[in-house]
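Please read the structure below before turning to the comments.
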Amino acid sequence: MGLGTLPYDLLLNIATYLDLKDVHALQLTCKSLYDASTTRPIYRKLANDLLRRCRALPLKGFQRLSDLSTESLIHSVNKASHYETAWRIRAPRPIAPEPYTTGINSHSNYMDVSPKGRLAEKVKEEGSKWYKIVSAPPGEEVDWLSPITSSYTLCATKSGKVVCWDVQSDMCLAEWNPGARWELWKCRVEFEERTVFFTMAKVLTGSYDDDRVMEFVLMRLTFSDGPSGESSINPPVFSRVTGFRTTGVVMNVFLLDPSERLLSAFIWVSTSNTIGLYALPDWNKKEYVFIDTGIECVMSSNWSCILYQQHIVIHCEESDAAYQHFYPLSLLRTYVTKLTHDHSTPVISRTVPPARTLKKRFSFPLFVEMTDSEPDLDNDPQDNSYDNSSIIPAPVNLDNPNPYPFPPWYPESAHFVRQWWPSLPDIPRVSCTVVLLAAHDAQTHRTRFVLAQHYFRVPLDHAQWGDGIYPEIDKGKAKETEEADDEEEQHKKRESSLEDAQDDALMHLWYVSTPFEVVRVFDNTEENDDSERPRPLVAVDFGHAVWVEYVETEDDKLPGTRVEGVNDKDPKCLRFVTFPPFSEEYGVDIDRRGSVAKEAEVRTLETPPELDLGTVETINIDQSQGAIILSDKIGRIFILCYE
């Protein structure tokens with residue numbers, strides 16, 4: 001009996017053990033197997049595999065996987081798999097130009113054009129390209145820019161406005177104008193609700209001390225787009241959710257769970273040099289929590305905040321180790337303070353140490369000399385011989401020193417990326433940390449940079465977290481249940497052993513180890529503002545990073561030849577790197593056959609002739625669509641589409 005004559009249930013069972021390349025091979029054998037292997041259950045399983053590796057699917061608009069037809073699901077899985085495989089072994093390449101017909105582009109959702117918009121006439125006149133140029137809000141300077149979906153961007157201007165821009169028609173859909181200078185601090189897209197939440201902030205009084213008072217407003221941008229991914233005829237609507245004030249120097253704000261109306265913020269307590277935890281347990285109520293955690297605020301640390309099993313988790317990464325401090329919501333609610341009026345400023349109620357703290361040391365790489373080789377796209381995508389890691393994993397011990405210690409290396413910027421895209425139930429929750437480390441040369445007055453990256457989960461150490469969680473086996477149980485209990489205990493031990501191995505693997509740091517010089521820009525338009533630090537033009541998405549870099553020339557070897565923000569004529573290029581992918585089995589997908597891992601090549605990306613990298617003000621990357629979005633000083637937004 002041939003394979004093609006098997007019942008579909010058996011074929012489906014076999015297909016669950018296949019990757020996409022195997023499924024494609026199966027489709028080439030005969031019509032019956034082609035029909036059997038191009039069904040929704042098989043491609044939903046392949047989509048599930050991609051999501052478990054933290055690779056997003058290129059969905060259109062606010063689509064979810066359940067909104068896709070089988071044909072669209074197959075197309076999305078094939079495209080996402082192509083991005084994942086190709087970008088690990090070669091540079092992203094511009095998509096093939098496609099003649100304008102219906103406005104739908106088969107290569108990239110970002111290149112779709114509304115037939116009735118002004119952009120359509122422009123595309124017809126200029127011809128097909130691999131990139132799109134749309135307008136920034138006219139008469140405004142862009143302060144912050146981020147894609148919402150492949151159809152929309154959200155833009156904050158230096159005058160305080162927030163604008164939703166339709167990149168398919170090149171027009172403004174909605175605008176929020178507070179009439180004052182506000183800064184956009186945090187943005188979160190909720191695909192299920194087709195809603196964007198964002199916080200705006202401004203300083204009311206004080207300097208960088210405990211007397212500083214800031215005002216925040218939490219806003220909502222609601223869309224009415226349908227499941228097809230096409231834009232609605234009804235424009236999105238801005239609405240105010242809540243407002244609050246803080247005292248002290250706010251480090252960051254976190255929209256932990258909009259469905260539960262939960263928000264938190266880290267505040268530097270300058271008198272004790274510790275971290276203050278501010279929280280709104282329910283932002284619809286006039287109450288807050290403000291405690292001093294007693295956790296020291298170390299200059300070289302990077303901070304993030306996560307909601308995990310009814311705990312607010314303070315995730316802290318120092319130069320040699322990571323910490324997770326757990327605050328149960330039930331504990332925080334015992335310190336709730338009522339607001340007397342809308343303009344009340346919060347006061348720290350008391351010092352409350354974390355209920356639990358986990359610590360795990362990083363495993364640093366051993367750098368080795370690499371050889372140049374040109375990878376082949378025909379290689380098996382499951383073959384890790386072309387792995388992107390530039391390291392040989394080393395054990396965590398005292399003989400495993402940090403190659404970039406503090407000082408002289410310090411974090412110039414830190415990026416914590418969560419899985420922001422539409423997903424499926426039971427997909428593991430993983431975060432990605434990318435830190436831009438800098439070292440300043442006092443003699444040449446030059447600053448050099450390297451990138452450090454790793455993934456992490458909560459808890460970062462399951463062995464520590466599990467201590468005391470599971471009850472011991474009751475030795476007084478009846479004899480007939482002992483074997484079942486032993487089997488369950490053995491199963492738990494196997495699971496615990498796998499989790500421990502994954503936790504250790506996630507602590508391996510991966511580097512772009514060859515120092516480079518990233519372009520940095522100043523946000524403040526006022527002259528002679530010596531207090532402002534320049535912002536590096538670096539963007540990170542899950543598994544990838546892109547930045548604008550100075551091209552090394554002979555003149556650069558001389559001291560004082562480059563003054564940041566002054567000599568914009570220095571040659572620059574757009575650089576890109578792919579990190580080792582997350583592996584649910586191993587923690588991180590590195591070469592496990594004992595051979596020396598090859599260093600990842602930092603790629604130089606092709607850019608349009610109209611784009612002057614010396615005028616770029618903001619940069620973003622959307623790995624799900626293969627797009628890089630940049631804005632420049634003359635009011636243009638470039639959407640570069642790669643494959």
In this structure, is Val237 surrounded by fewer than 18 Cβ atoms within 10 Å (Cβ to Cβ), within 24 Å of Lys285 (Cα to Cα), at pLDDT 95 or above and out of contact with any Pro (no Cβ under 6 Å at 6 or more places or on another chain)? yes
For segment 328-349, which positions are in a strand (DSSP E or B) and in contact with an Asp or Glu (Cβ under 9 Å, 6 or more places away or on another chain)? Thr337, Lys338
Have a look at Asp292, Asp257 and point out the one that is closer than 16 Å to Thr337 by Cα, out of contact with any helix residue (DSSP H, G or I) (no Cβ under 8 Å at 6 or more places or on another chain) and in contact (Cβ under 8 Å) with a residue 12 or more places away in the chain. Asp292
Of (1) crowded, with 21+ Cβ neighbours inside 10 Å; (2) out of contact with any Pro (no Cβ under 6 Å at 6 or more places or on another chain), Arg261 fails just (1)
Any hit, segment 89-99, residues being modelled with pLDDT under 90 and either crowded, with 21+ Cβ neighbours inside 10 Å or part of a helix (DSSP H, G or I) (or both): yes
So which residues in segment 304-327 are without any contact (Cβ under 8 Å) to a residue 60 or more places away in the chain, outside any loop (DSSP other than H, G, I, E, B) and out of contact with any Ser or Thr (no Cβ under 9 Å at 6 or more places or on another chain), if there are any at all? His311, Ala321
The one condition Glu190 fails out of (1) over 26 Å from Tyr278 (Cα atoms); (2) touching a helix residue (DSSP H, G or I) at 6+ places or on another chain (Cβ under 7 Å) is (1)
Can you find, within segment 23-58, the residue that is farthest from Pro147 (Cα to Cα) among those that are surrounded by 18 or more Cβ atoms within 10 Å (Cβ to Cβ), without any contact (Cβ under 8 Å) to a residue 40 or more places away in the chain and small (Gly, Ala, Ser)? Ala36
Just wondering, is there one or more residues in segment 551-563 that are at pLDDT 80 or above and either closer than 24 Å to Leu630 by Cβ or within 22 Å of the chain's Cα centre (by Cα) (or both)? yes
Pairs only if they're at least six apart or on different chains, beta carbon under 7 angstrom, first in segment 4-22 and closer than 11 Å to Lys45 by Cβ, second loosely packed, with under 15 Cβ neighbours inside 10 Å; list them, first residue then second. Leu12/Pro41; Asp19/Gln382
Sole residue being of a type outside the set (Lys, Arg), in contact with a strand residue (DSSP E or B) (Cβ under 8 Å, 6 or more places away or on another chain) and within 16 Å of Asp209 (Cα to Cα), chosen from Ile275, Ile314, Ile306: Ile275
Name the residue, out of Tyr335, Tyr327, Tyr288, that is modelled with pLDDT of 95 or more and surrounded by fewer than 19 Cβ atoms within 10 Å (Cβ to Cβ). Tyr335
Given the conditions (1) surrounded by 16 or more Cβ atoms within 10 Å (Cβ to Cβ); (2) out of contact with any Ser or Thr (no Cβ under 6 Å at 6 or more places or on another chain); (3) in a loop (DSSP other than H, G, I, E, B), which single one is not true for Tyr208? (1)
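The values are calculated or read from the model by the stated rules, or taken from the named source; none is laboratory data. Source: prediction; values computed, not measured. When we count neighbours, we look across all protein chains shown, and the Cβ atoms used for this are built from the backbone with ideal geometry, even at glycine.
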